[in-house]
Structures are given as structure tokens and as C-alpha cells.
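Single-structure report; data block below.
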Amino acid sequence: MCKTMCRTCGQPLPSQRREGVYLPATKAQIFDFIDRHPGVAAEGVLAHCFPDRKENSSGLRLVYTHVSQINDMLAATDVRIGGWRGEYRIQRGTEAPIVRPPPKRLRVRSRTAFVPGRR
């Protein structure tokens, strides 16, 4: 098993390369789980990779954040974790990306100062 060395400290790194990119242990575990279970919900990733976390908005936000960071690390490759509404799958090369609807625009408040009694 060939180990690579850390550029900063020189210590050997464990073999956790996915698609040619080194991923930390937790992110490699998430990537492998999504690769083995395409279409898995965020709750499933949370239950498998973070069994001590509760299934609430902060736990799901943790999964979302890790997936986003993994996609940032894989940006130079043709692989990404795609998904919509919390269902994740690995998309490689020629697969069509999952199209998300555009975000809703926020209303911009008026720049005029508020004056009581005035409409």
C-alpha cells in the first residue's frame, strides 16, 4: 500500500483517495456510503456516519455542509455528489447534473427612511 506524505508536516497519509483526490476520514466515509447507496436521503447519511447526532436541522446541516465541502474538493475532477431535497448520489462524467430550481428572490426594502404617520 503506497502512502503519500503530508505537504505540511511530512507525516504519511492513509490511503483515502477517492477519484484521485485525498479526502479526510469522515468525508471519505460519507463519499463511500453515498457511492454504495445511490439516492440515499440525508437522514440515512446522518444515521450511518454520525450515529451520535440527532436527526434535527443541525444534524442535517452537518451532512449538507460535508457534502458541499466534498464537492469543493472534487471540483477539479468530473465527479460530484449531486442531489436535490436531501437525496444524494455520485455523478460521474457524462451523467446529466440534477437541475435545481432557481432560488427565490428576496424583496428589497425601500431605501426611504421610515416616517411615522406617513404612507
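Bear in mind these aren't lab numbers, they're just calculated from the coordinates by the rules spelled out. Since this is a predicted model, take the numbers as computed values, not measurements. Don't worry about glycine lacking a Cβ; one is built from the backbone with ideal geometry, like all the others, and counts go over all protein chains shown.
A few notes on this one:
- Residue-span extension gain [Lys54 to Glu87] - 0.36 nm each, minus C-alpha spacing: 10.1 nm
- Under 10 Å, Cβ to Cβ, from Thr77 - net charge with Lys/Arg +1 and Asp/Glu -1: +1
- Contour minus Cα-Cα distance for Ala76 and Ala41 (0.36 nm per residue): 10.0 nm
- For Gln16, residues with placed amide H under 5 Å, excluding near neighbours: Leu23
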